[in-house]
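Comments concern the structure below.
The values are calculated or read from the model by the stated rules, or taken from the named source; none is laboratory data. These figures come from a predicted structure and were not determined experimentally. With ideal geometry, Cβ positions are generated from the backbone for all residues, glycine too; neighbour counts draw on all protein chains shown. Note: areas computed on protein heavy atoms with side chains; ligands, DNA, RNA excluded. Shrake-Rupley method; radii C 1.70, N 1.55, O 1.52, S 1.80 Å.
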Amino acid sequence: MNFELLVFYFLATILLFAGLRVVTARHPVHAALYLVLAFFTGAGLWLLLEAEFLAITLVLVYIGAVMVLFLFVVMMMNLNIEKMRDGFWSNLPLAAFVGILMAIEMSLVLTVAGRTIGSDPHAHAAGYSNTKELGRLIYTDYVYPFELAAVILLVAIVAAIAITLRRRTGTKHQDPAWQVRVKRDDRVRLVSMPAEKEGD
Amino acid sequence: MTFVTPNLIPALSEIFVLIMASLILVVDVFLSNRNRYISYALTQLTLLGAAWITISSGSTDVVYTFNGMFVGDVMANMLKMMTYLAVSAMLVYSRSYIQLRNLFTGEFFVLVLFAMLGMMVMISASHFLTLYLGLELLSLSLYSLVALQRDSAQATEAAMKYFVLGALASGLLLYGMSMIYGATGSLEISKVAAAIQHGDGGRTVLAFGLVFIVAGLAFKLGVVPFHMWIPDVYQGAPTAVTLFIGSAPKIAAFAFVMRLLAEGLNGLVHDWQGMLIIMAVLSMAIGNLAAIAQTNIKRMLAYSTISHMGFLLLGILSGTLNGYSSSMFYVLAYVLMSLGSFGMILLLSRKGFEAENLDDFKGLNQRKPWYAFMLLLIMFSMAGVPPTVGFYAKLSVLQAALSAGYLWLVVFAVLMSVIGAFYYLRIIKLMYFDAPLDQAPIESQPDSSMLISLNGMAVLALGILPQPLMALCAYSIQKSLL
């Protein structure tokens, strides 16, 4: 057993454990933290496969952005954990059935008769850059789906703004730009009045 | 590491639509509400331009570009032309409706154009990845169009349901595609077909993947048992959006089924035939029976859509070129009828009033005889009464199913369409033999009332002379699926 294999089994064990804990953890914050651990070890596995760009993106995007957002939401929502766990035992048979079914299907895919998928990954030459390869593929062979994905993001932006942006009239909000342009005449009114009350 | 610039000519119409949609997005920001019609005009011009490009750049050969991810063939060109036509008609019908409901905004047009771009991508996809991305582009635009009327609780609920179920369907579809990829080692439709023909990959895995793919497709088509979103979305969405969902995306869904089942998984025809038979039988039964009980016409038409999609499957499940072309004819005829029927709801609606209950159609003959006659033609066509186009559409898919040897299925379909005739004819009865409940004058724009006349006449004309369109469908299928 060489060193790489050892690292693989080490990471894979942590990944499986973390994945299991995501589902079984009692507290949603713990579950989210275990998910972070799962992503992190997953990124480690990708590094083993020399897919360093994907590994770094996974850490940056999923752990750095998505999971932090997730944690914020979980912490802010003040979830009633006991109530959420109510359905656990009644849903367990169905969930177990679906889980087992998926496990069977995955093993079927991996053991297709007369064909092995995912043959042993072999190491690349020294000058190989995964990032460069990925970039080359995305901007050449896969440029059409790449552009389409960009259009989908554009649609998401348009839709999000169209559905949520409201211009309310009559709200009492402050406009700093307008505030600093204030002149003396806007604020101070000089009223000429006699020094003493008349006709007393 | 050489890179050949892909041939952009076949995808010119997609590129044009994308550029115009982005342009309208920017131009609209600078328009005041009074000048909003400029966005509308630009959208219509986009459709016209795209049609011109598709005609002038279309060839009769099958052309692949973008590294085998995009295919241009006769079927794609023809379906795209029909999509432009349907979207354009939808915009004309809904113009005054959306103006009165504060939906006459740039976002509406931009989202419609992006949805159409998604349909075009689906129609021209030759790769699972582009099929999926096109579908997502279409679906995301549709979800947001449904939700655009954000102060309406009904529309928001419909959008939510549509989004959740649509996401589920996409997940199923992706899962199925990943299994097919696992079994054949490719995502390119022609390579998948070749691998299956060659006998690569385990039958079990392929069948598993197929089940998920068919389930995902069934969601998108809206056939039983994956139909539950259709009535709620059709009823909850603003009628203009319902008209949109009910028309052009059906063409794209047909193309989607063709690309996946008839081109990619043709080698598994015996496996998917059985699944489609079950879904067709259930759709025709549940769609027609449930439609009888509806009092809301949008909901009734939603169930009628379900039954029509069941009929559409009859042609596809026969698995022959003849069956595919009759299904293509069916979907085009259906889009025509769907445009007319939802268009009529839009025409009869006015500010603060939706003509969405069956009772609103009472005595239409006394209020506006010409409209009543047009709706009569469209309803006859939906029911499949000769000499309207719906009759020939039904006849051709039934012939296809019969020639594939499914006599019992044909008998069942005919029985179901007899049951279905009841609720279509009920509308005609309401229009001609009942007294109107509502005497308010029907105000209509000249463009949309002209269009409804054209629409009704087309239903009749294509019914009397179905041969040219049928020949066109047969020709495009023959040219594309070889």
| request: Identify, from the list B:Ser57, B:Ser39, B:Ser22, the residue that is closer than 27 Å to B:Val335 by Cα, of a type in the set (S, T, N, Q) and within 14 Å of chain A (Cβ to nearest Cβ). | output: B:Ser39
| task | Check whether at least one residue in the stretch A:32-48 is open to solvent by less than 30 Å² (accessible area, probe 1.4 Å), in a helix (DSSP H, G or I) and over 19 Å from A:Thr13 (Cβ atoms), and report yes or no. | result | yes
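Within the stretch A:15-31, count every residue that is in contact (Cβ under 8 Å) with a residue 40 or more places away in the chain and over 18 Å from the mean Cα position of the chain (by Cα).
Going through the stretch A:15-31, the residues in contact (Cβ under 8 Å) with a residue 40 or more places away in the chain turn out to be A:26-29.
Filter once more, so that each one left must be over 18 Å from the mean Cα position of the chain (by Cα): A:26-27.
Residues meeting the conditions: 2.
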| message | The conditions are (1) farther than 30 Å from B:Leu415 by Cβ; (2) open to solvent by 10 Å² or more (accessible area, probe 1.4 Å); (3) not basic (Lys, Arg), and B:Leu346 fails exactly one of them. Which is it? | response | (2)
| message | Could you tell me how many of the residues in the stretch B:366-415 are within 28 Å of B:Leu454 (Cβ to Cβ), part of a loop (DSSP other than H, G, I, E, B) and either free of Cβ contacts under 8 Å to residues at least 40 places away in the same chain or aromatic (Phe, Trp, Tyr) (or both)? | response | 2
| query | Applying the selection to the stretch B:100-115, what residues are modelled with pLDDT of 90 or more and closer than 21 Å to B:Ser341 by Cα? | reply | B:Val112
| task | Could you list all residues from the stretch B:302-332 that are part of a loop (DSSP other than H, G, I, E, B) and either among the basic types (Lys, Arg) or surrounded by fewer than 24 Cβ atoms within 10 Å (Cβ to Cβ) (or both)? | result | B:Gly319, B:Thr320
| query | Are there any pairs, at least 6 apart or on different chains, whose C-beta atoms fall under 7 Å, with the first in the stretch B:148-176 and under 24 Å from B:Phe104 (Cα atoms) and the second part of a loop (DSSP other than H, G, I, E, B) and modelled with pLDDT under 90, and if so, which? | reply | B:Leu148/B:Leu103; B:Gln149/B:Arg101; B:Gln149/B:Leu103; B:Ala155/B:Gln149; B:Thr156/B:Arg150
| query | Residues B:Leu165, B:Leu210, B:Leu173: which one is modelled with pLDDT of 90 or more, of a type in the set (A, V, I, L, M) and open to solvent by 10 Å² or more (accessible area, probe 1.4 Å)? | reply | B:Leu165
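At pLDDT below 85 and touching a His at 6+ places or on another chain (Cβ under 9 Å) - does that describe any residue in the stretch A:134-157? Full working, then the answer.
Of the residues in the stretch A:134-157, the ones at pLDDT below 85 are none.
For the stretch A:134-157, residues at pLDDT below 85 and touching a His at 6+ places or on another chain (Cβ under 9 Å): absent.
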| said: I need a count of the residues in the stretch B:31-78 that are open to solvent by 50 Å² or more (accessible area, probe 1.4 Å), among the aliphatic types (A, V, I, L, M) and assigned to a helix (DSSP H, G or I). | reply: 4
| Looking only at the stretch B:18-30, which residues are touching a residue at least 12 places away in the same chain (Cβ under 8 Å) and open to solvent by 40 Å² or more (accessible area, probe 1.4 Å)? | B:Leu18, B:Leu23, B:Leu25, B:Val27, B:Val29
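Quick one: is B:Met90 closer than 30 Å to B:Lys191 by Cβ and surrounded by 18 or more Cβ atoms within 10 Å (Cβ to Cβ)? So that I can check it myself, show each step before the final result.
Details: closer than 30 Å to B:Lys191 by Cβ: no; surrounded by 18 or more Cβ atoms within 10 Å (Cβ to Cβ): yes.
When the stated conditions are applied, B:Met90 does not pass them.
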| Among (1) in contact (Cβ under 8 Å) with a residue 40 or more places away in the chain; (2) closer than 20 Å to A:Ile161 by Cα; (3) under 18 Å from the mean Cα position of the chain (by Cα) - the single one B:Ser141 does not satisfy | (1)
| task | At least 1 residues that are more than 25 Å from B:Glu107 (Cα to Cα) and among the basic types (Lys, Arg) in each: list the helices (runs of 4 or more DSSP H) lying fully within the stretch A:122-197 that qualify. | result | A:130-139, A:184-187
| Are there any pairs, at least 6 apart or on different chains, whose C-beta atoms fall under 7 Å, with the first in the stretch A:136-155 and within 19 Å of B:Ser22 (Cβ to Cβ) and the second of a type in the set (Val, Ile, Thr), and if so, which? | A:Tyr144/B:Thr130; A:Pro145/B:Thr130; A:Phe146/A:Ile138; A:Leu148/B:Val121; A:Leu148/B:Thr130
| said: So, in the stretch B:218-243, how many residues would count as being open to solvent by less than 10 Å² (accessible area, probe 1.4 Å), at pLDDT 90 or above and in contact with a Leu (Cβ under 7 Å, 6 or more places away or on another chain)? | reply: 7
| request: Exactly one condition in (1) farther than 24 Å from A:Ser107 by Cα; (2) open to solvent by 50 Å² or more (accessible area, probe 1.4 Å) is not met by B:Leu142; state its number. | output: (2)
| query | How do the helices (runs of 4 or more DSSP H) wholly within the stretch B:204-272 filter down when requiring 1 or more residues that are at negative phi and within 14 Å of chain A (Cβ to nearest Cβ): which remain? | reply | B:239-246
| Which one of the conditions (1) in contact (Cβ under 8 Å) with a residue 40 or more places away in the chain; (2) surrounded by 18 or more Cβ atoms within 10 Å (Cβ to Cβ); (3) aliphatic (A, V, I, L, M) does B:Leu103 fail to meet, given that it meets all the rest? | (2)
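Answer yes or no as to whether B:Leu462 is in contact with a Phe, Trp or Tyr (Cβ under 8 Å, 6 or more places away or on another chain), in a helix (DSSP H, G or I), among the hydrophobic types (A, V, I, L, M, F, W, C) and surrounded by 21 or more Cβ atoms within 10 Å (Cβ to Cβ).
The answer is yes for B:Leu462.
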| field | Out of B:Val385, B:Val335, B:Val397, B:Val410, sole residue that is crowded, with 24+ Cβ neighbours inside 10 Å and not aromatic (Phe, Trp, Tyr) | value | B:Val397
| Counting only residues that are more than 18 Å from the chain's Cα centre (by Cα) and part of a helix (DSSP H, G or I), which one in the stretch B:110-133 is farthest from the other protein chains (Cβ to nearest Cβ)? | B:Phe128
| Within the stretch B:273-301, can you find the residues that are in contact with a strand residue (DSSP E or B) (Cβ under 8 Å, 6 or more places away or on another chain) and assigned to a helix (DSSP H, G or I)? | B:Ile297
